[in-house]
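Input: a single structure, listed below in structure tokens.
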Amino acid sequence: MNKVVFFTDLKDLHNAVIQFPLQSFSGKKVPLKLHMGEKKNPYFVKPELVKLVVDELKKASADPFLVDTTVAYHGGRHTKTEYLKLANLHGFTMNNLGCDVVIDDSGVSTMIEGRTFEVADHLKDATHIFALSHVKGHIQSGMGGAIKNFGMGGVTKETKIRIHDSSYPVYQKDACTYCGVCAEVCPFHAIKVNEESWDYNEKTCFGCGACVDACPSKALQHQDADLQFLLACSAKACVQDKTVLYLNELKRIAKGCDCDPNAGPIICPDIGYLVGDDPVAIDKASLDLINKVKENVFEKVNKVYPLKQIKYGEAIGLGSSSYQLIRL
Ligand code: SF4
Ligand code: SF4
């Protein structure tokens with residue numbers, strides 16, 4: 001069945017949101033899941049847009065609060081205290097938004113596809129969630145949208161580390177023909193191949209999986225699974241059995257993600273906003289709209305095929321990639 005995705009600009013955002021049964025959010029504490037920006041990255045979702053969403057939820061008699069999770073690396077979001085300070089600096093305050101800002105550093109184990117993902121406490125507790133996702137490129141997954149907002153952003157730092165580590169390549173010497181294809185496709189030059197030698201630098205590898213996909217001899221496998229498969233599983237752990245409304249912002253579409261202090265240039269003109277109730281459909285619609293304006297731009301700049309997370313999401317029952325786009 002085609003999922004309906006509304007394509008709108010800011011002035012009709014209200015009309016897009018009310019197409020969905022917001023009355024079920026009434027009386028509920030509703031986490032508004034978003035990324036509140038990393039140090040030196042200017043592209044994150046702005047408080048002015050968040051305020052519009054908070055006000056929409058309040059109009060529906062919901063009790064919204066912002067939520068995100070701590071991260072594994074030492075930037076500005078490694079601990080709750082650091083992240084709250086940075087969020088405050090970026091304008092995400094009770095004063096500006098009229099709601100609490102919560103950072104989770106612990107979670108609850110949830111099993112998906114035989115693997116355990118620790119879902120952030122406040123997401124796990126919620127029956128209703130509003131997801132606000134900035135769509136942009138990503139060095140490991142090609143793009144980041146709603147699936148990545150939950151798949152990496154909705155889980156504890158321990159799960160984040162495990163997802164990253166599990167996607168690194170494992171080399172089987174016996175199967176290798178030294179064709180050099182893996183070295184050619186690696187965006188980070190982490191592999192060097194000579195006539196009878198294969199060298200790999202784990203320090204420069206980002207676990208994107210491009211080499212595993214490209215190896216014609218199956219001499220490369222993931223430690224566990226493709227990063228984009230694990231992202232889809234992790235996202236499912238966060239949202240399954242919940243009512244979730246998704247807003248994707250297709251503006252300031254940069255090469256790299258909001259976590260990256262060096263996210264690179266804007267690679268696609270601003271497009272607008274999408275609203276839907278299916279993370280796979282809304283990410284597919286986002287990718288299609290971006291590809292219409294700049295064909296395969298994420299693949300071209302990041303050398304990683306972003307459609308995989310959408311296909312995996314559909315395969316594991318996270319959502320549907322078939323959608324009907326309605327322009328408001
Ligand atoms: S692509 Fe596969 S077979 Fe070719 S060099 Fe790399 S690991 Fe070996
Ligand atoms: S997983 Fe990605 S970054 Fe790592 S070696 Fe393979 S292609 Fe390079």
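Bear in mind these aren't lab numbers, they're just calculated from the coordinates by the rules spelled out. What you are looking at is a predicted structure, and each value in this text was computed from that prediction instead of being measured. Neighbour counts are summed over all protein chains in view; Cβ atoms, including those assigned to glycine, are modelled from backbone coordinates with ideal geometry.
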Open item on the list: Multiplying the sequence separation of D12 and D55 by 0.36 nm and subtracting their Cα-Cα distance, what value in nm do you get?
Closed with: 14.1 nm
Task: Principal-axis tilt of helix 47-59 within the chain, Cα atoms, nearest 10 degrees - done: 50
- [ ] May I ask for the distance between the Cα centers of the stretch 111-187 and the stretch 213-252, given as a whole number of Å?
- [x] 5
Open item on the list: Compute a Gaussian network model of the chain, connecting alpha carbons closer than 10 Å, and tell me which residue from G313, G98, G144 fluctuates the most.
Closed with: G98
Task: Sorted peptide list for 77-85, 288-296, 225-233, criterion being average Cβ within 10 angstrom, highest first - done: 225-233, 77-85, 288-296
TODO: Please build a GNM for the chain, connecting alpha carbons under 10 Å apart, and tell me which residue among I267, I163, I310 fluctuates the most.
DONE: I267
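Relative contact order for the chain: what percent, with Cα pairs under 8 Å and sequence separation of 6 or more? Display every interim value, and only then the final one.
Details: 743 pairs, mean separation 79.8, N = 328.
Relative contact order of the chain: 24 percent.
So what's the back-of-envelope 222 nm ellipticity for the chain, counting only DSSP H runs of four-plus at -39500 (n - 2.57) apiece and dividing by all residues, rounded to 500? Could the numbers behind the result be given before it?
Values: 13 runs with 106 residues, N = 328.
Calculated at 222 nm, the ellipticity per residue is -8500 deg cm²/dmol.
Distance cut-off 20 Å, Cα to Cα: go down the list K255/K284; K136/K251; K85/K124; K255/K308; K33/K292; K40/K308 and report the pairs above it. Don't skip to the end; give the middle numbers.
On the way: K255/K284 18 Å; K136/K251 8 Å; K85/K124 24 Å; K255/K308 18 Å; K33/K292 28 Å; K40/K308 29 Å.
Exceeds cut-off: K85/K124; K33/K292; K40/K308.
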Task: Cα-projected label distance for K85 with K294, points at 7 Å along beta-carbon direction, nm - done: 3.4
Open item on the list: If I fit a long axis through the Cα atoms of helix 279-293 and take the longest principal axis of the Cα atoms of the chain, what angle between them do I get, 0 to 90°, rounded to 10?
Closed with: 70
TODO: Report, ordered by chain and residue number, the lysines lying within cross-link reach of K203, taken as a straight Cα distance under 16 Å and ignoring same-chain residues fewer than 8 apart.
DONE: K192
Task: Gained length - I326 relative to E48, 0.36 nm times residue gap less alpha-carbon distance - done: 97.6 nm
Task: Candidates N15, N248, N194, ranked by Gaussian network fluctuation over the chain, Cα under 10 Å, top entry - done: N194
Open item on the list: If you take every residue apart from I310 with its C-beta less than 15 Å away from the C-beta of I310, what net charge results, scoring Lys and Arg +1 and Asp and Glu -1?
Closed with: 0
Task: Modelled FRET efficiency - R0 35 Å, E158 with K303, Cβ distances, 0.05 increments - done: 0.75
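What Kirkwood Rh does the stretch 181-321 have if only Cα atoms enter the pairwise 1/r average? Answer in Å.
Roughly 16.8 Å, rounded to one decimal.
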